[in-house]
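Some notes on the structure that comes next.
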């Protein structure tokens, strides 16, 4: 084909022009790309650097070791044990079923748990370790470790889990921990990130729950680098967890053990306090249970057994139980009357077996009456009619005010669950809660610790300590936190007239040591251990006039749940008080027969520092006491390894 | 008979031609390829395998091919254009029916030592045939509708075939590359204005129809467009790659995080990091300096091509050179725009840097054509 030079020239010029346009477009695009690079890499570099770091860095929490709990001598009450477990990583085990089969030949595995673990492994990313079994013995773990080459993907690991070496003795003091539940998160509003750690344990009951803030500690963190799939590539740095604070309680583990053992077979609560300091030395509720059951997650069978027991082992009767204090309340009425000046100690009241109020008769526990009673006699023999008279003179407001001064109807600040307030009733209380006016009969009932009056064993122990010292003794259960003494209180003087106090103390002395005293049988032969106290028997049913005429049915002939509660409060030694005790035996019958002997044994045990020898007892009771002490399932003194005894923490 | 055949009397002969090779272009190409080796070494976690070694071998083969092509006079290649185009169309048809299945689309032929993608080959043969067509055509006739229709058919055949694979990215490159050659040859601008107007109209119609009974795209296709326009609407789905890619780029900052220190690529936050997203690794590890340097090298390569095109008086030579430059430009511009969030994610590799045999070899052969035009230019 011929082509003219002009056509060629024109075409070349056109191509040249167009190519410059295209070159311009390309240069322009290049400039846009460069501009975008500048924007991303220079202007927004810091934002993207941050995003890249967020991508790659993952913060993992390190669980803190929970604070240990010791008794006053340093005996471990709550510790942390190594929890040996085995985990498995799916991608490292070529054939998970084969590996699990070999594993089950080596150690005893729970088949249900195993199939759940298998499902979890298949459901999650292949590199996530899944717990196959925990709470293995050291031997089992060693077996797994030795056979590691045959078990690809299986890793023996250990974490910490709570253990209560003294088991059931401290269920009602230390309580227990448990897993973090949704319910826990909702009710506490606790947002501590540490709760997200799998298998983390929080206090659920008693001191474990109430002292959670001290015991928990603070989570540590480690920063790890992860890839896009979430796999940990390496650890960048770590900030170790702060372990929880160690607690030392005021409780004496040996005494606690004795008290729990002494009450076996009863449904009862007891509190022992040091009267000068308020230190709670023992706080027991029978029957009790093994808190270790709850740490692992209690089985339905165990739960049902505990829950259906009519003696209610799960209830802490020492602080949660509300009982009419019965005659143990009489010291308060007497003190209120003396302080109000409505009676003199020498003045006598005639007891003919009942008081008539309107057309209603208020009976004394002794059918035939006590005859002429002065104040000391009225305490010694627990005459009801004397107190009916006193109550009418004093009035309920003064009595209840005095009760509150002695710690009844007041919620004591102890770190336990469900501590009750009790009730020292007033006229206003009845109007507000019952919608009725206060009657004089109500005052009469209250004067012998019946009717509306309700107290817990802890309140009665506090009352006794205050009666023994005349000072505002308050209960204390935590002795020190991490070695720092925690709030030791020296109660102020209550401002009671010393003569009044001495008079009531004299009456309490005679209860145990006068031939006519209601707890005369529960005395000691050793003058150094002399006990003063007061029995109480509180009705849980109304005795009708018809029944009274026919003769009151004795407790032994009644079904258990209709028998009277037996109470006793006391302290020792009489002339230099050191220990106060309160014992309530639910439906135990009479205070002098069911509660006083237990209280006496506890007071002797507290004073003697060990199981009291028979010589301390009246001669005719020694054989019986020896038999009793032989039968008691007492634990040998555990090793002391706490803050005052030895090294503070392993 | 081309202008060159009777004007160029002093064409260098035999090995003397080597002296006339545009060595600066060779050095630029080697520099870009070396950046590729470095990045492939990095994304392999500091290893020559599996990517660096084969890539180096192919680059070596590519260099040899380039020199072989360069030694042959450019008019020989013009005469081969029809044949080359025909072969590439046949290969496209072959993969359409017999091709092995890779990445869900039939795209390559296994030659034993490498996998050949006919669609890559077509990018060059299409440019060659169009250049030869305009070299043959009297320039005064070229804006007549009939003579516009012929090149459109030449473009349409391979575009249709690659769309069927489906390979949207390559189809787009073919369309734009072919269109660019037509524009460069001098087809009347009104045609292009009409196409641009039609394109704008189509886009408007697509968006306007959304949510109406006659909407033009499926819902999921609209969502893809949304994701492209704002990756943060779907940060864990389709937008994930765009977002992660921008994070990688941005976190590189001015000087980069250091060779083999890029966390985004090393920790697998980036997809396809040895192929389509390799630029992000470069930008992350060598920062703005590294990214801008690569862009500069690419622009210099384009500059040399344009200079060669303007120096030669042969219409085929200049059109082929410019067409190759445009194709090369489209490659890297689309890839960079994609990873920087300026264009939707379509599978376009970064030329000479991404791991891939066909693209590398075909590009080197293409630059062989450019070298041939350079050697056989009038002096």
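The values are calculated or read from the model by the stated rules, or taken from the named source; none is laboratory data. Remember, predicted model here, so these are calculated numbers, not experimental data. So basically every Cβ, Gly included, is an ideal-geometry build from the backbone, and we count neighbours across all protein chains shown.
For residue B:126, the test of being modelled with pLDDT of 90 or more and within 22 Å of residue B:350 (Cα to Cα) is passed.
Residue-wise test of (1) surrounded by 18 or more Cβ atoms within 10 Å (Cβ to Cβ); (2) farther than 24 Å from residue B:271 by Cβ; (3) at pLDDT 85 or above; (4) in contact with a helix residue (DSSP H, G or I) (Cβ under 7 Å, 6 or more places away or on another chain).
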| site | (1), (2), (3), (4) |
| --- | --- |
| B:64 | no, yes, yes, no |
| B:77 | yes, yes, yes, yes |
| B:80 | no, yes, yes, no |
| B:84 | yes, yes, yes, yes |
| B:87 | no, yes, yes, no |
| B:102 | no, no, no, no |
| B:106 | yes, no, no, yes |
| B:114 | yes, no, no, yes |
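Yes or no: the stretch B:329-348 includes at least one residue that is over 30 Å from residue B:221 (Cβ atoms), at pLDDT 90 or above and within 14 Å of chain A (Cβ to nearest Cβ). No, the stretch B:329-348 has no match at all. Of the residues A:34, A:12, A:73, the single one that is modelled with pLDDT of 90 or more and over 51 Å from the mean Cα position of the chain (by Cα) is A:34.
Let's see how each residue does on (1) under 29 Å from residue B:129 (Cβ atoms); (2) in a helix (DSSP H, G or I); (3) touching a strand residue (DSSP E or B) at 6+ places or on another chain (Cβ under 7 Å):
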{"site": "B:32", "(1), (2), (3)": "yes, yes, no"}
{"site": "B:45", "(1), (2), (3)": "no, no, no"}
{"site": "B:55", "(1), (2), (3)": "no, yes, no"}
{"site": "B:66", "(1), (2), (3)": "yes, yes, no"}
{"site": "B:70", "(1), (2), (3)": "yes, yes, no"}
{"site": "B:88", "(1), (2), (3)": "yes, yes, no"}
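Output the helices (runs of 4 or more DSSP H) that fall wholly within the stretch A:240-347 and possess 1 or more residues being in contact (Cβ under 8 Å) with a residue 60 or more places away in the chain and touching a strand residue (DSSP E or B) at 6+ places or on another chain (Cβ under 6 Å), or say none. The helices (runs of 4 or more DSSP H) meeting that bar are A:253-262, A:292-295, A:317-320. Restricting the first member to the stretch A:358-370 and to residues that are at positive phi, and the second to residues that are part of a strand (DSSP E or B), the beta-carbon pairs closer than 6 Å and six or more apart or on different chains are A:369/A:351.
Of all residues in the stretch A:178-194, none satisfies being at positive phi, surrounded by 14 or more Cβ atoms within 10 Å (Cβ to Cβ) and part of a loop (DSSP other than H, G, I, E, B).
Per the conditions (1) surrounded by fewer than 24 Cβ atoms within 10 Å (Cβ to Cβ); (2) more than 14 Å from chain A (Cβ to nearest Cβ); (3) farther than 22 Å from residue B:303 by Cα, the sole criterion not satisfied by residue B:365 is (3).
When the residues of the stretch B:277-301 are narrowed to those that are within 7 Å of another protein chain (Cβ to nearest Cβ) and in contact (Cβ under 8 Å) with a residue 24 or more places away in the chain, which ends up surrounded by the fewest Cβ atoms within 10 Å (Cβ to Cβ)? Looking at residues that are within 7 Å of another protein chain (Cβ to nearest Cβ) and in contact (Cβ under 8 Å) with a residue 24 or more places away in the chain, I get B:295.
When each of B:304, B:254 is tested for being at pLDDT 90 or above and either closer than 20 Å to residue A:36 by Cα or buried (at least 24 other Cβ atoms within 10 Å of the Cβ) (or both), the lone residue that passes is B:254. Any residue in the stretch A:216-223 that is within 14 Å of another protein chain (Cβ to nearest Cβ), free of Cβ contacts under 8 Å to residues at least 12 places away in the same chain and not in a helix (DSSP H, G or I)? No - not one qualifying residue is present in the stretch A:216-223. When the residues of the stretch B:267-276 are filtered to those that are facing chain A (nearest Cβ under 10 Å) and surrounded by 23 or more Cβ atoms within 10 Å (Cβ to Cβ), the one that is nearest to the chain's Cα centre (by Cα) is B:270. Restricting attention to the stretch B:335-355, the residues being at positive phi and surrounded by fewer than 24 Cβ atoms within 10 Å (Cβ to Cβ) number 1. When the criteria are applied in full, residue A:234 fails the requirement of being touching a residue at least 24 places away in the same chain (Cβ under 8 Å) and assigned to a strand (DSSP E or B).
How many residues are more than 19 Å from the chain's Cα centre (by Cα) and surrounded by 24 or more Cβ atoms within 10 Å (Cβ to Cβ) if we restrict to the stretch A:276-319? Number satisfying all stated conditions: 0.
Just one of the listed residues (A:609, A:589, A:551) is surrounded by fewer than 14 Cβ atoms within 10 Å (Cβ to Cβ), at positive phi and touching a helix residue (DSSP H, G or I) at 6+ places or on another chain (Cβ under 9 Å), namely A:609. Here residue A:542 meets each of (1) assigned to a loop (DSSP other than H, G, I, E, B); (2) in contact (Cβ under 8 Å) with a residue 12 or more places away in the chain with one exception, condition (2). The set of residues in the stretch A:4-26 that are facing chain B (nearest Cβ under 7 Å) and over 19 Å from residue B:279 (Cβ atoms) comprises A:7, A:8, A:10, A:11, A:12, A:14, A:15, A:16, A:18, A:19, A:22, A:23. Number of residues in the stretch B:251-263 that are within 8 Å of chain A (Cβ to nearest Cβ) and under 19 Å from residue B:36 (Cβ atoms) equals 1. A single member of B:131, B:248 is modelled with pLDDT of 85 or more, within 13 Å of another protein chain (Cβ to nearest Cβ), under 25 Å from residue A:25 (Cβ atoms) and surrounded by 20 or more Cβ atoms within 10 Å (Cβ to Cβ), and it is B:131. Filtering the stretch B:217-229 for residues that are part of a loop (DSSP other than H, G, I, E, B), farther than 29 Å from residue B:92 by Cβ and more than 11 Å from chain A (Cβ to nearest Cβ) leaves an empty set. All told, residue B:318 meets the bar of being within 11 Å of chain A (Cβ to nearest Cβ) and either over 14 Å from residue B:35 (Cα atoms) or within 16 Å of the chain's Cα centre (by Cα) (or both). Please go through the stretch A:39-57 and give me each residue that is under 20 Å from residue B:254 (Cβ atoms) and at the interface with chain B (Cβ under 7 Å from one of its Cβ atoms), ordered by number. Correct list: A:40, A:41, A:42, A:44, A:45, A:47, A:48, A:49, A:51, A:52. Here are some residues: A:153, A:167. Which one is surrounded by 15 or more Cβ atoms within 10 Å (Cβ to Cβ), more than 30 Å from residue A:245 (Cα to Cα) and touching a residue at least 12 places away in the same chain (Cβ under 8 Å)? Going through A:153, A:167 in turn, the sole match is A:153. Evaluate the stretch A:474-497: report whether one residue or more is part of a helix (DSSP H, G or I) and surrounded by 15 or more Cβ atoms within 10 Å (Cβ to Cβ). No, the stretch A:474-497 contains no residue that is part of a helix (DSSP H, G or I) and surrounded by 15 or more Cβ atoms within 10 Å (Cβ to Cβ). Of everything listed in (1) within 14 Å of chain A (Cβ to nearest Cβ); (2) under 30 Å from residue B:17 (Cβ atoms), the single unmet condition for residue B:125 is (1). On the stretch given as the stretch A:375-408, residues that are within 38 Å of the chain's Cα centre (by Cα), touching a residue at least 24 places away in the same chain (Cβ under 8 Å) and farther than 16 Å from residue A:535 by Cα total 14.
Among the residues of the stretch B:350-379, those that are modelled with pLDDT under 90, under 25 Å from residue B:110 (Cα atoms) and in contact with a helix residue (DSSP H, G or I) (Cβ under 7 Å, 6 or more places away or on another chain) comprise B:357, B:358, B:359.
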